[in-house]
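Chemist: The following block contains the structure, expressed as structure tokens.
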Amino acid sequence: MRPVVFSIFALLLCAAILQLANGLQFTLVPVRAEAENFGDLAIALLGSGYFAGYLIGCIIGAPLIGRVGHVRVLTAVLAGICAFALLYPLAIGEVFWMLARVGTGVCLAIAIWPLKAG
């Protein structure tokens, strides 16, 4: 019984850390965009891009996991989340950041999908 509780606790702790980091990024990106003099519409589209990506990830997540396997997909999307978070300082532009937010949304939806499917 104890190993099962520890494995579930580890899974939920990892999901909590992932969601906490996403929440911090959700706060930091608009603040940084304001500092970079993006327009109000561009900042609003950054938030919308994340949710559009999340919707895409919800649609493609289950077939992708079924075809490739959850371990490989989870590894790939977690690497994608890290890569997208590191891309923001490389190019400062509304379109580039919008694509990074869409990619982050796709990856996060797929990473959280096994927890929702339970």
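Chemist: In whole angstrom, how far apart do the alpha carbon centroids of region 63-103 and region 1-47 sit?
Modeler: For region 63-103 versus region 1-47, the Cα centre distance is 13 Å.
Chemist: As a check on your grasp of the helix formula, calculate [θ] at 222 nm for the chain: sum -39500 (n - 2.57) over DSSP H runs of n ≥ 4, divide by the residue count, round to the nearest 500. List each step's numbers first, then the result.
Modeler: Working: 4 runs with 105 residues, N = 118.
Helix-only estimate at 222 nm: -31500 deg cm²/dmol.
Chemist: Using the beta-carbon distance between A44 and L86 and R0 = 25 Å, what value does 1/(1 + (r/R0)^6) give for FRET efficiency, to the nearest 0.05? Intermediate values should be presented prior to the final figure.
Modeler: Numbers: r = 24 Å, r/R0 = 0.95.
Working from the Cβ atoms, E equals 0.55.
Chemist: With point charges of +1 on the Cβ of Lys and Arg and -1 on the Cβ of Asp and Glu, referenced to the Cα centre of region 1-99, which listed residue (G49, L20, V5) lies farthest in the positive direction of the dipole?
Modeler: The listed residue farthest towards the positive side: V5.
Chemist: Pick the calculated Kirkwood radius over Cα pairs in Å for this structure from (1) 18.2; (2) 14.7; (3) 15.1?
Modeler: (3)
Chemist: I've got another one for you. With the full set of protein chains in place, find how many percent of the accessible area of the chain is carbon and sulfur; take the probe as 1.4 Å. Mind showing how you got there, number by number?
Modeler: Values: 5600 of 7330 Å².
C and S atoms contribute 76 percent here.
Chemist: Next question. Compare I17, I60 by solvent-accessible area with a 1.4 Å probe and give them largest first, with all protein chains kept in place.
Modeler: Numbers: I17 100, I60 75 Å².
Descending order: I17, I60.
The values are calculated or read from the model by the stated rules, or taken from the named source; none is laboratory data. Keep in mind the model is a prediction, meaning the values are calculated, not measured. Cβ: placed from backbone, ideal geometry, glycine included. Neighbour counts: every protein chain shown. Note: accessible area is taken over every heavy atom of the protein model, side chains too, but ligands, DNA and RNA are not part of it. Shrake-Rupley method; radii C 1.70, N 1.55, O 1.52, S 1.80 Å.
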